[in-house]
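Below is one structure, written out as structure tokens, with a few remarks after it.
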Amino acid sequence: MKIELHCHLDGSLNLYSVQEMLREQGEIYELEELKTQLEVLPECTSLTEYLEKFSLPLNHLINLLNIKPYILHIIASLYSSITKDSFGDRTCA
């Protein structure tokens, strides 16, 4: 069973949420372009490179008006994984 000790909002958003957030702020990104900018590849060995992946969503989440819908999204995702796990649908690693 996986237990979240804490959750970083900027690293917990899915591609669709980030794409929507950016679109609402006038920035259009294709999903593949976002994936390239947000995904940390397994061969990443640099902390600097790893942390760069958080800059795009973090820069847009700084505006407090933008944060609420994404916090709700994360809460819903966590609740969903807890509910699925409790009913035997082992989606947690």
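The values are calculated or read from the model by the stated rules, or taken from the named source; none is laboratory data. These figures come from a predicted structure and were not determined experimentally. Cβ coordinates were reconstructed from backbone atoms using ideal geometry, including for glycine residues, and neighbour counts include every protein chain displayed. SASA here: full protein model, heavy atoms, side chains in, ligands and nucleic acids out. Shrake-Rupley method; radii C 1.70, N 1.55, O 1.52, S 1.80 Å.
Give the accessible area for Ser12 in Å² (nearest 10); use a 1.4 Å probe, count only protein heavy atoms, and leave out ligands, DNA and RNA.
40
Say each of Ile62 and Glu30 gets a label point 7 Å from the Cα, pointing the same way as Cα to Cβ; how far apart are those two points in nm?
Computed distance between label sites Ile62 and Glu30 equals 2.9 nm.
How much length is gained on full extension from Tyr50 to Arg23, taking 0.36 nm per residue of separation minus their Cα-Cα distance?
Full extension of this stretch gives 7.3 nm more.
Report the full-extension gain for the segment Tyr16 to Ser77: residue separation times 0.36 nm, less the Cα-Cα distance, to one decimal in nm. Please list the in-between numbers first.
Details: separation 61, 0.36 × 61 = 21.96 nm, distance 1.35 nm.
In short, 20.6 nm is gained.
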